[in-house]
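Encoded as structure tokens, the structure appears first; notes follow it.
The values are calculated or read from the model by the stated rules, or taken from the named source; none is laboratory data. The model shown is predicted, which means the values in this text are computed figures rather than measured ones. Every residue, glycine as well, gets a Cβ built from its backbone with ideal geometry; the counts of neighbours run over all protein chains shown.
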Number of protein chains: 2
Amino acid sequence: MEYGVKMPRQPKFSRDDVLDAARDAVFEHWRSATVSHVTSRLGAPSGSIYHRFASREALFVTAWIRSVRRFQQALTTIVEIPDPTEAIVETALHIPRFCRQHRKDARMMTLYRHADLLTTAPPELREELAGLNTPVATAIAALTRRRYGRVTNHGLAVMRLACRDSPYGIVRPIIGEAIPAWIDDAVRATTGALAGLPDHT
Amino acid sequence: MEYGVKMPRQPKFSRDDVLDAARDAVFEHWRSATVSHVTSRLGAPSGSIYHRFASREALFVTAWIRSVRRFQQALTTIVEIPDPTEAIVETALHIPRFCRQHRKDARMMTLYRHADLLTTAPPELREELAGLNTPVATAIAALTRRRYGRVTNHGLAVMRLACRDSPYGIVRPIIGEAIPAWIDDAVRATTGALAGLPDHT
DNA sequence: TCCATTCTAGAGAAGGCATTCTAGATGACG
DNA sequence: CGTCATCTAGAATGCCTTCTCTAGAATGGA
């Protein structure tokens with residue numbers, strides 16, 4: 001607490017409360033979620049939203065970023081699994097598992113694509129978005145090196161498919177619903193097959 | 001030309017012209033495509049749109065249906081490929097190939113999910129939407145029977161993954177852009193692996 | 001030529017939504 | 001108890017979009 005800084009009034013709604021409400025509104029209305037959906041869930045006036053976030057877009061993008069970070073949290077430990085092939089498969093399996101345990105965050109993550117946000121998001125969030133992908137990129141690069149003994153562009157592309165795009169494609173149609181256990185078998189099969197590809201064309 | 005029917009004025013904009021403009025607007029603006037994006041591309045006033053389509057939603061959903069039908073056109077011949085495994089893999093490969101040759105239609109198809117439209121689309125289109133999936137369902141069922149010798153629910157689910165969800169997941173991040181040739185190798189690998197799974201848990 | 005039909009044309013009504021603005025409440029601190 | 005920073009509160013504003021409505025043009029038959 002700094003000298004001379006008056007202690008402000010206690011917030012009735014925390015920043016996370018607002019983001020939770022945004023996430024819940026998206027879970028229910030997806031792309032047509034409005035600011036008033038958020039305020040009515042929160043029981044707050046629109047002023048409380050705009051006091052913290054510059055715009056509707058800033059609110060939803062911030063909530064999206066929070067969900068992405070939650071997804072990334074487990075990655076670093078998974079990548080350290082001793083056996084390379086197991087590390088690859090477990091990275092891929094993290095996707096259906098996360099979707100099972102964090103249904104709302106998972107659905108929130110489907111709202112935007114990272115590449116699109118880099119150019120369309122509110123300027124004040126661009127910098128954060130630019131660095132957002134590094135944990136995943138680092139993990140993929142580490143897995144690529146461990147799998148092939150070197151890192152080529154094609155090797156990286158294959159590993160992205162194996163650990164990210166392919167498992168995501170498998171769960172995508174049912175994100176937000178229950179994910180059956182056998183989906184994990186399907187992920188094991190596809191990721192195993194992709195990890196078997198060579199790192200050159 | 002029926003008796004007593006007066007010949008009307010020639011349309012300046014055909015139905016397909018309007019749908020093309022809608023598809024192009026979606027290619028550029030995706031979900032935020034508006035009716036005025038469409039009219040300005042077409043060089044037409046909004047009246048010409050609303051003369052043919054009941055609402056903005058009816059226009060875009062109709063364009064979506066047209067793209068889906070174009071995708072389905074090649075399916076029936078592919079399924080008839082003699083070797084079952086080859087038929088399965090070629091069905092899956094139809095997805096990256098279609099995305100390569102019909103970039104705008106492919107992107108248009110990402111605008112809605114069939115399951116959502118069944119409940120949210122304008123009522124006059126519901127019936128058409130209800131029957132839209134049958135060509136794909138028929139193809140998947142045929143492939144399931146040929147692969148396993150019988151049709152179980154789990155077998156169908158695996159085959160949907162192999163022929164549709166998995167390859168779609170692989171191309172999805174790059175739909176609208178150029179699809180590299182090696183993507184087909186990845187699809188072959190994953191679809192082959194999934195088709196190798198048994199039809200029971 | 002006149003008429004019925006089908007279309008283009010575009011101004012503007014209507015509605016929904018994000019956003020702003022002003023007032024007031026709250027709490028820490030001197 | 002007064003002051004200040006921070007927050008709640010929600011009515012009011014203004015924008016943007018969809019959609020309607022009226023006028024008029026093109027076409028071919030009677």
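Candidates A:Ala87, A:Ala44: the one that is of a type in the set (Gly, Ala, Ser), in the same structural domain as A:Leu143 (by TED's automatic domain parsing) and in contact (Cβ under 8 Å) with a residue 24 or more places away in the chain is A:Ala87. Total residues in the stretch B:54-84 satisfying the condition of being without any contact (Cβ under 8 Å) to a residue 60 or more places away in the chain and either small (Gly, Ala, Ser) or surrounded by 21 or more Cβ atoms within 10 Å (Cβ to Cβ) (or both): the figure is 6.
Checking each residue in the stretch A:100-118 for being of a type outside the set (A, V, I, L, M, F, W, C), surrounded by 15 or more Cβ atoms within 10 Å (Cβ to Cβ) and in a helix (DSSP H, G or I) picks out A:Arg100, A:Arg103, A:Lys104, A:Asp105, A:Arg107, A:His114. Residue pairs whose Cβ atoms lie under 7 Å apart, sitting 6 or more positions apart in sequence or on different chains, and linking a residue in the stretch A:153-178 that is on the phi > 0 side of the Ramachandran plot to a partner that is crowded, with 23+ Cβ neighbours inside 10 Å, are A:Gly176/A:Ala106. Out of the residues in the stretch A:27-52 that are away from DNA strand D (no atom under 14 Å from the Cβ) and away from every other protein chain (no Cβ under 14 Å), state the one that is farthest from A:Met109 (Cα to Cα). Only one residue fits best here, namely A:His37.
Scanning the stretch B:53-63 for residues that are within 14 Å of chain A (Cβ to nearest Cβ) and near DNA strand D (Cβ under 8 Å from one of its atoms) yields a count of 2.
Scan the stretch A:104-151 residue by residue and report those that are among the basic types (Lys, Arg) and within 12 Å of the chain's Cα centre (by Cα).
Scanning the stretch A:104-151 gives A:Lys104, A:Arg107, A:Arg113.
Listed here are the residues, each with its yes/no results for (1) away from DNA strand C (no atom under 16 Å from the Cβ); (2) assigned to a helix (DSSP H, G or I).
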| position | (1), (2) |
| --- | --- |
| B:Ala44 | no, no |
| B:Ile49 | no, yes |
| B:Phe60 | yes, yes |
| B:Trp64 | yes, yes |
| B:Val68 | yes, yes |
| B:Thr77 | yes, yes |
| B:Ile81 | yes, no |
| B:Ile88 | yes, yes |
